[in-house]
1. Looking at the range 117-159, which of its residues are touching a residue at least 40 places away in the same chain (Cβ under 8 Å) and outside any strand (DSSP E or B)?
2. Any chance you could count how many residues in the range 650-670 are buried (at least 23 other Cβ atoms within 10 Å of the Cβ) and either in contact with a Gly (Cβ under 7 Å, 6 or more places away or on another chain) or assigned to a loop (DSSP other than H, G, I, E, B) (or both)?
3. Which one is surrounded by the most Cβ atoms within 10 Å (Cβ to Cβ) among residues in the range 37-49 that are closer than 17 Å to residue 654 by Cβ and touching a strand residue (DSSP E or B) at 6+ places or on another chain (Cβ under 6 Å)?
4. Please identify the pairs in which a residue from the range 424-437 that is in contact (Cβ under 8 Å) with a residue 40 or more places away in the chain has its Cβ atom under 6 Å from the Cβ atom of a residue that is among the basic types (Lys, Arg), counting only partners at least 6 apart or on another chain.
5. Just for the range 228-256: of the residues that are among the β-branched types (Val, Ile, Thr) and under 17 Å from residue 290 (Cβ atoms), which one is nearest to the chain's Cα centre (by Cα)?
6. So which residues in the range 165-200 are assigned to a strand (DSSP E or B) and either touching a residue at least 24 places away in the same chain (Cβ under 8 Å) or in contact with a Leu (Cβ under 6 Å, 6 or more places away or on another chain) (or both), if there are any at all?
7. Residue by residue through the range 118-142, note down the ones that are surrounded by fewer than 16 Cβ atoms within 10 Å (Cβ to Cβ) and either under 22 Å from the mean Cα position of the chain (by Cα) or at pLDDT below 95 (or both).
8. Mind listing whichever residues of the range 661-682 are of a type outside the set (D, E, K, R), within 20 Å of the chain's Cα centre (by Cα) and under 19 Å from residue 558 (Cβ atoms)?
Amino acid sequence: MKTKYVNTLIAFSCMLTACNQLQKFEPIAIDYPETDKDTVTDNFFGVNVADPYRWLEDDNSEKTLEWVKAQNEVTFGYLKQIPFRETIRARLDTIANFQRYQVPFKKNNKIYYFKNTGLQNQSVLYETESISEEGKVFLDPNTFSADGTTSIGSLAFSEDGDYLAYTISEGGSDWQKIVVMETADKKPLNDTINDVKFTSIAWDKNMGFYYSRYEKPGEGTVLSGITRHHKVYYHKLGTPQSDDYIVFGEGPIKRRYIGAQIFKNSNFIFINAAEGTSGNELYYADKNSAKPVFKPIVTGFENDHTVLFARDKEIYLFTNLNAPNKRIVKVMLDNPAPGNWIDIVPERPETMESANITGGNIFAHYLKDACSMVEQYNLSGQKIRQVELPGIGSVSGFDGEENDIVTFFGFESFTVPFTTYAFELESGKTTLVHEPKLVADINGFETRQVFYSSKDGTKVPMFIIMRKGTKLNGKNPVLLYGYGGFNISLSPYFSTRWLAWLDMGGIFALANIRGGGEYGEAWHEAGTKLKKQNVFDDFIAAAEYLTANKYTSPEKLAIMGGSNGGLLVGAVMAQRPELFRVALPAVGVLDMLRFHKFTAGAGWITDYGCADSSKTMFGYLYAYSPVHNLKPGTSYPATLVTTADHDDRVVPAHSFKFAATLQANQAGELPVLIRIDTKAGHGAGKSTTMFLDELADIYSFAFYNMNQQPAYFTK
């Protein structure tokens, strides 16, 4: 190692709770590891592009493993010298230590729900006869591993409720296994299905189930190899996995995402097949046939379609075909062509985010300026009522079976923790089920929604959450968060992550930038492919608004985003480094010329485009690709890159190459570090302990580099 720079943060004073004495923080010296460069060059349409850190893509090489170890030693060596890091970590334990619940659901007259008592690494599944009674433990994933890194993914009960099939992930990987158990004695059967990924589970009564899997990548490439040919298999209970047979997906057409659905009162199996993350085909077949022959309901990948409910030959679809803001239609399988579809809940100006059919009722979930609104209809499309919600925020749930008379939903906002309710379908009566009791006082916070102008004049909404009475003097530490992709909407939701930042005296801002689904498909499309720069412009404009209106200043502004949001952070800090003091890209897509060459990355081409497809598309991606747009001699924000060794969705090579490039180019006085978790993946299923450890490090890094003490240290 050689000393690359010394962090010359201006020493500042703070009142430590323990001793109440004035102290100065000493500068923290950093010895960056040497990162070798090689001479790999790719030619794109006559343009040579160097890739000096290509060797970091090999996640199994000893050289890469040594680099990871060396980077972690530097990062944790730096973090442990931050004087308030341990106090922040202890405070997080206090804030996060409250009971929290997920939305209950019914199955065969029993009610199930997940609960976490506070600091459990994984939430536990409970079973009860009545929602008014405390349930008993039904399935506890905390017993699956000593360190809490094995998690439950999806659940599927057989039609009669005698069996439960559930997926588990080890170390955060997207590769999972399906475990089958008898619900009466909670004992697992010898029906474990290995090596599945992005699978649905569709039971055929209680005889067996349909699931999806890829051909597993070869030895040494499990976490990075391309997965492109998804197939649906059928597993009959009591038989080995080797006897499972392909139901859909054979042949030359390689679809990347395929799932199966079955409904109780229909003899058909439905197949949803997609090449990417947007747009899908829909097929159906008689599941009782010896060899099902699938017929199309709709072909092509231009639109999205989901079967909500099926009874005999009648199905209800949630679709954006000829309806960018979504609609619900009825389709008769005798004549399923789109021209024969019947509107049940037509498209309207508000975006229909999702829909459920429960107990013969349709629940349509709309977004109005990124906030939830739910309406109840009968199956003829007659509106019954607008569901009265507890406030302005976000809802989820309203799932159930055909004969249910009660359903459940959850409500949350930035300052209201996730709370669950029972809803009576006939009367519309809502009853509180589970309400978390927080240790932290959230009554002192307020939420504002503002609309600011982006570079092209587009009005973009942003939520701003802060302590009541906060002075807008440009001196507040602000954490600005965004995503901006894949039609994913960010509506108000509660998180220990935001609560902890607010608790330390910060302001939290969430920008609903283009690329998401807050205003329908048009809002999404405006942030894709050759329009992706709109996403970055929207986020930059959010930062400028916060500064211009004295919420903060560039010296007190941190930006955060994960996955596609990690791309967002990487791109805007490369384009406008002077706007931000701290950058926190997590598990980001940061090499836009090669993302499609790993795992399921080719499925993202629908949003990003592909550098190999045309000179125009290459030029556009090359112009904003974070790895390729870091320039020598530039002062970039203090940056803490976070990733994990088991991330097989956005492979950690993106973060490795970005961190190495940024360390080589950083001319300013602020640090560039990378924190690499082990036995963790893209984020789903991460243990509570690992989540809080990482959050303490991120916030310690951010406050230290803002020259800002967390506010509660002065109390």
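The values are calculated or read from the model by the stated rules, or taken from the named source; none is laboratory data. Worth saying up front: this structure is predicted, and the values here are computed from it rather than measured. Because the Cβ atoms are built from the backbone with ideal geometry, glycine has one as well, and the counts that use them run over all protein chains shown.
1. Correct list: 119, 120, 121, 122, 131, 147, 148, 149, 158, 159.
2. 6
3. Looking at residues that are closer than 17 Å to residue 654 by Cβ and touching a strand residue (DSSP E or B) at 6+ places or on another chain (Cβ under 6 Å), I get 49.
4. Note: pairs meeting the criteria are 428/385; 436/100.
5. That would be 232.
6. Within the range 165-200, 165, 166, 167, 168, 169, 170, 178, 180, 181, 193, 194, 196 meet the criteria.
7. Looking only at the range 118-142, we keep the residues that are surrounded by fewer than 16 Cβ atoms within 10 Å (Cβ to Cβ), and these are 118-119, 129-130, 132-134, 136-137, 140.
Within the range 118-142, 118, 119, 129, 130, 132, 133, 134 qualify.
8. none
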